[in-house]
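The values are calculated or read from the model by the stated rules, or taken from the named source; none is laboratory data. The model shown is predicted, which means the values in this text are computed figures rather than measured ones. Backbone-built Cβ (ideal geometry, glycine too); neighbour counts: all protein chains shown. These accessible areas exclude ligands, DNA and RNA; they are computed on the full protein's heavy atoms, side chains included. Shrake-Rupley method; radii C 1.70, N 1.55, O 1.52, S 1.80 Å.
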Amino acid sequence: MTDQGRRKLGALVGVCLAGGLLPGVTLGPEGVDVMYSIAVAFLAVALITQLVFIGPSARVGAPVLLAFGAAGVVQDALIWWLLSWLGEAAGAELRVEGIATILLAALITRVSILVASQLAPSQGDGEPATS
């Protein structure tokens, strides 16, 4: 799996965890509404984190990882703040209530993205080496 694939996986896991664990994040009543809300949130997080990438592309030490994590939490908080407005504007049942919920959702999302990006080294992903 490539680095971008691991980051997208981390974003999906983070959005699902934030939506499932935080009482201030409402995804919809059931079924299709929940899936649509998750899709809207995942697309926003995945697209913006791909456009403005904050994070390591390979394994790094703890101090560097913490610096990337702090900057990434700020980015993800802005994304979740956007989602609190976008959920209503896009017709999704997605609701994000309160700054504390936004910050916790951002922390969960960034931790999952960083963990996923650190799962395997970027070298040896099954891609052929170039000489």
Which helices, counted as full DSSP H runs in the chain, have an axial Cα extent of no less than 30 Å and a Kyte-Doolittle average of 0.5 or above? 62-89
Modelling each spin label as a point 7 Å along the Cα-to-Cβ direction, I'd like the L78/T2 distance in nm, to one decimal. 2.5 nm
Taking the Cα-to-Cβ direction at E97 and at E30 and moving 7 Å from each Cα, how far apart do the two end points lie in nm? 2.1 nm
Can you give me the accessible area per residue for the chain, using a 1.4 Å probe, in Å²? 55 Å²
Each label point is 7 Å from the Cα along the Cα-to-Cβ direction; what then is the distance between the points at L119 and A67, in nm? 2.7 nm
Relative contact order (percent, whole number), the chain, Cα cutoff 8 Å, 6+ residue spacing: 43 percent
